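The values are calculated or read from the model by the stated rules, or taken from the named source; none is laboratory data. Just so you know, these numbers come straight off a predicted model, no measurement behind them. All Cβ positions, glycine included, derive from the backbone under ideal geometry; neighbour counts span all protein chains shown. Side chains are part of the model used for accessible areas, which takes the heavy atoms of the whole protein and leaves out ligands, DNA and RNA. Shrake-Rupley method; radii C 1.70, N 1.55, O 1.52, S 1.80 Å.
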Amino acid sequence: MKVGTREVIRVENLTKYYGKRLAVDNISFNVERGEVVGFLGPNAAGKTTTMRILTGFLAPTRGDVWVAGYNIISHSLEARQHIGYFPEAMPLYRDMTVRSYLDFSSRLRGLDKNRIKTRIEEVVDICHLEEYIDVLIGKLSKGFRQRVGVAQAIIHEPEVLILDEPTIGIDPIQVAMTRQLIKELGKERTILLSTHILSEVSMTCERVIIINEGRIVAEDRIENLSSLISGSKRIRLEVEGPSGKVAERLRQIEGILQVSYEDSHYIVECSAGQDPRGKIMETIVQGGWTLLSLESIEMSLEDIFLKLTTEGETSQ
Amino acid sequence: MKNTTTIALREFKSYLASPMAYVVTGIFLVLTGFFFSISSDTYYETSIRGFLGIGSILLLLLASVLTMRLLAEERKMGTLELLLTAPVRDSEVIAGKFLGSLGMLTAMLVLTFYYPLLLMWFGDPDWGPIATGYLGLFLLGGASLAVGLFASSLTSNQLVAAVVAGGILGALWFAGAAADLLPEALGEVINYVSLSYHFPDFMRGMIDTRGIIYYLSITVLFLFLAIRSLENSRWS
Ligand SMILES: Nc1ncnc2c1ncn2[C@@H]1O[C@H](COP(=O)(O)OP(=O)(O)OP(=O)(O)O)[C@@H](O)[C@H]1O
Ligand SMILES: [Mg+2]
């Protein structure tokens, strides 16, 4: 009963109500084999709900989902066999050691019995858990528990990885490590990664699906998204010089829409597709002033939503 | 079957790693030991009826406590999410949990073998009623565990699960007592569905097929209800 092998995840008109509360509102999307796709959205957007449906934990109210070619309702076991899942908050049995837990997971997920021992060593190596393999999970710090979560998700070498905010609540070094790991895994596997951090998507994913209030508001390749983002870049400047005059000269630069002055910094709004940083520096040097700092301000997710929902039928 | 075994083994080991199981076992042994030692049946009949009488009632409580965390805790901790997204049938999850707790119950019953062994040391007990008594306890215990597992599938609160299990088991147990007050025809029906009605036969050394079928039916019924309840939680 396999359908469409190119699309590893296929979601059609998916709707989910919790009682009367609409959490996912008629969304459709596909993820192709080998893609790493970001599932981006603010709190309560419906990311976790969608992922719980994709993994078979929750049934949809309406709509259809296929994973690895199998319908998640009618051929649930087959579909689930191909999924590695990192749930939000990564719940684990605290009374088990890392080794016994991974052993349990690999059996449950159907890994060949003869492979279990070597595969545990492999994933422990991949996730840097060597020193903790015989420690009770309840005694691990959050960062290490999160690594155990990744380890159990990949232990049976699934075709699809569904990762629900895998970098939340851990320190920056581990965040970087996890992202690196996701990139590595993405070379061989299909990954759907949910996050509310914009930069995470541009760092790890090839394509992004943006969801808000249960609806997909944009879906595009990262290159296009980043031009959309840089399309309205903002730059913050610190300049030694007469504030009124500096602002006036800045406004005259081509590609700058607006200049404001707050907290002894200039905030410069640039128009779409323009990068006037070179010209800004020239102007300041020509004026005989001193440039103390210059930085781009990243657009926040909220800014993007605002942009997408106000002006943005552009990327659909 | 493989999945069921995997889950059952994890569950059984998790009992061994938790203080709760030892406390429950301890209380069970102390109380049954006490009643065994003060019961006149022990001395005049060299039988284990003193143990069986209190043991059967204690089993109901013990089953409620042993099973309360099986699903409620998984739901509360969120680990249920990984269990139910593994390629495992809901029926295998329930069967595994049930067998894990049955393993624990069996271990407890095995620890009480020293009551009949003591009798053998001091006298010449009739082994028939001892064997059927244990069979009865095992069947009753299995049915109670199934009820407890079902209760645990309903909630994420272990205490609520234990109270619900205790409530259902208590009602099924004492239904027999209420039956005596009712008109005969109705009383007989109620008696038949009562957990306590079938037990005395086992204590007397009789193998009552109706009793065996009854306890097995209760077990299967509540395991089935637990599976349905697990399935339902996906459609919430
Ligand atoms: N079990 C539930 N029962 C009732 N409502 C729920 C349940 N789970 C989620 N919701 C609601 O559904 C909506 C979507 O929630 P969901 O958890 O999918 O969002 P999310 O995008 O994962 O958010 P976050 O970034 O906070 O994790 C929210 O309004 C939430 O309150
Ligand atoms: Mg979420």
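Nearest 20 debye, what's the magnitude of the dipole of the protein assembly as shown about its Cα centre given +1 on Lys and Arg Cβ and -1 on Asp and Glu Cβ? Working shown, then result.
Values: 52 positive and 61 negative charges, 102 e Å.
Dipole magnitude for the protein assembly as shown comes out near 480 debye.
At a 1.4 Å probe radius, which order do B:Arg210, B:Arg75 fall into by accessible area, largest first?
Working: B:Arg210 130, B:Arg75 65 Å².
Of B:Arg210, B:Arg75, the descending order of accessible area is B:Arg210, B:Arg75.
Over segment A:232-297, calculate the relative contact order: mean separation of alpha carbon pairs under 8 Å at least 6 apart, over the residue count, as a percent. Walk me through the numbers on the way to the answer.
Values: 112 pairs, mean separation 31.9, N = 66.
RCO, segment A:232-297: 48 percent.
At a Förster radius of 45 Å, what calculated FRET efficiency corresponds to the Cβ-Cβ distance of A:Lys113 and B:Trp121, to the nearest 0.05? Display every interim value, and only then the final one.
Numbers: r = 46 Å, r/R0 = 1.01.
E between A:Lys113 and B:Trp121, to the nearest 0.05, is 0.50.
Among bridges DSSP assigns within the protein assembly as shown, what percent are antiparallel (round to 5)? Kindly include the intermediate steps, with their values, before the conclusion.
Numbers: 39 of 57 bridges.
Of all bridge pairs located within the protein assembly as shown, approximately 70 percent are antiparallel.
Based on alpha-carbon positions alone, could you give the equivalent ellipsoid semi-axes of segment B:1-125 from the gyration tensor, as √(5λ), descending, whole Å? Display every interim value, and only then the final one.
Numbers: eigenvalues 258, 39, 22 Å².
Listed largest to smallest, the semi-axes of segment B:1-125 are 36, 14, 11 Å.
Just how much of A:His265 is accessible, in Å², when a 1.4 Å probe is used and the result is rounded to the nearest 10?
Number for this one is 40 Å².
Can you list residues whose amide H is under 5 Å from A:Thr190's amide H, if they're 5+ apart or on another chain and H is modeled 1.01 Å from N?
Under 5 Å from the amide H of A:Thr190 lie the amide H atoms of A:Gly34, A:Leu161, each far enough along the sequence or on another chain.
Relative to the longest principal axis of the C-alpha atoms of chain A, give the angle of the C-alpha long axis of helix A:98-108, reported between 0 and 90° and rounded to the nearest 10°.
70 degrees
How large is Rg/Rh for segment A:46-201, to two decimals, with Cα atoms and a Kirkwood Rh? Show your work: numbers first, answer last.
On the way: Rg = 15.2 Å, Rh = 16.0 Å.
Reported Rg/Rh, Kirkwood definition of Rh: 0.95.
Span-like helices, chain B: DSSP H, alpha-carbon axial extent 18 Å or more, mean Kyte-Doolittle 1.0 or greater, which ones? Provide the component values of the computation, followed by the final result.
Numbers: long enough: B:2-16 (21 Å, -0.45); B:19-38 (29 Å, 1.91); B:49-67 (26 Å, 1.92); B:90-111 (32 Å, 1.26); B:127-153 (39 Å, 1.30); B:158-179 (31 Å, 1.80); B:209-234 (38 Å, 0.82).
TM-like helix candidates: B:19-38, B:49-67, B:90-111, B:127-153, B:158-179.
What are the residues whose amide H is under 5 Å from the amide H of A:Val239, where those residues sit 5 or more places off or on another chain and H is modelled from the backbone?
For A:Val239, the qualifying residues are A:Tyr266, A:Leu292.
Can you give the mean number of other chain Cβ atoms that lie within 10 Å of the Cβ atoms in peptide A:85-93? Walk me through the numbers before you get to the answer.
On the way: counts 4, 1, 6, 2, 3, 4, 9, 4, 9.
Counting Cβ atoms of other protein chains within 10 Å of each residue's Cβ and averaging gives 5.
Can you pull the semi-axes for segment B:2-235, root of five times each eigenvalue of the Cα gyration tensor, sorted largest first, whole Å?
Values: eigenvalues 199, 94, 43 Å².
Three semi-axes, in Å: 32, 22, 15.
Given Cα pairs under 8 Å that are at least 6 residues apart, what percent is the relative contact order of segment A:7-225? Don't jump to the answer; show the numbers that get you there.
Values: 430 pairs, mean separation 65.0, N = 219.
About 30 percent, as a whole number.
Between B:Pro183, B:Pro200, B:Pro125, find the one with the highest GNM mean-square fluctuation for chain B; connect C-alpha pairs within less than 10 Å.
B:Pro183
Which order do A:Lys113, A:Lys16 take when ranked by solvent-accessible area (1.4 Å probe, heavy atoms of all protein chains), largest first? Walk me through the numbers before you get to the answer.
Values: A:Lys113 150, A:Lys16 5 Å².
Solvent-accessible surface, decreasing: A:Lys113, A:Lys16.
So what's the back-of-envelope 222 nm ellipticity for chain A, counting only DSSP H runs of four-plus at -39500 (n - 2.57) apiece and dividing by all residues, rounded to 500?
-10000 deg cm²/dmol
By a straight-distance test (C-alpha under 12 Å), which aspartates and glutamates pair with A:Lys233 as possible cross-link partners, with residues fewer than eight away in the same chain excluded?
In chain and number order, the partners are A:Glu269, A:Asp275, A:Glu295, A:Glu298, A:Asp303.
Determine the distance separating the Cα centre of segment B:56-115 from the Cα centre of segment B:155-227; give it in Å without decimals.
19 Å
Rounded to the nearest 500, what is chain B's calculated 222 nm mean residue ellipticity when only DSSP H runs of at least 4 contribute -39500 (n - 2.57) each, over all residues? Kindly include the intermediate steps, with their values, before the conclusion.
Values: 12 runs with 190 residues, N = 236.
It comes out at -26500 deg cm²/dmol, rounded to the nearest 500.
Just the accessible area for A:Arg119, please: 1.4 Å probe, Å², rounded to the nearest 10?
10 Å²
Apply the Karplus parameterisation 6.51 cos²θ - 1.76 cosθ + 1.60, with θ equal to phi minus 60°, to every residue of segment A:238-254 and state each ³J(HN,Hα) to the nearest whole Hz, in sequence, with x for glycine and proline.
Using θ = phi - 60°, the values come out as 10, 10, 8, x, x, 4, x, 5, 4, 4, 4, 5, 4, 4, 7, 5, 5 Hz.
Determine how large the accessible area of A:Glu254 is when every protein chain is in place; take a 1.4 Å probe and give Å² rounded to the nearest 10.
Here the accessible area works out near 120 Å².
Rounded to whole Hz and in sequence order, give me ³J(HN,Hα) for segment A:47-59 from the Karplus expression 6.51 cos²θ - 1.76 cosθ + 1.60, θ = phi - 60°, writing x for Gly and Pro.
Coupling constants for segment A:47-59: 5, 4, 4, 4, 5, 5, 6, 4, 8, x, 6, 10, 8 Hz.
From the backbone phi of segment A:118-127, what are the Karplus-calculated ³J(HN,Hα) couplings (6.51 cos²θ - 1.76 cosθ + 1.60, θ = phi - 60°) in whole Hz, Gly and Pro given as x?
5, 5, 4, 4, 4, 6, 5, 5, 4, 9
For segment B:2-235, what's the relative contact order in percent, using C-alpha pairs closer than 8 Å and at least 6 residues apart? Show your work: numbers first, answer last.
On the way: 310 pairs, mean separation 59.9, N = 234.
Relative contact order here is 26 percent.
Skipping prolines and chain starts, which residues have an amide H placed within reach, meaning under 5 Å, of the one on A:Asn212, given they are 5 or more residues away or on another chain?
Result for A:Asn212 returns A:Val217.
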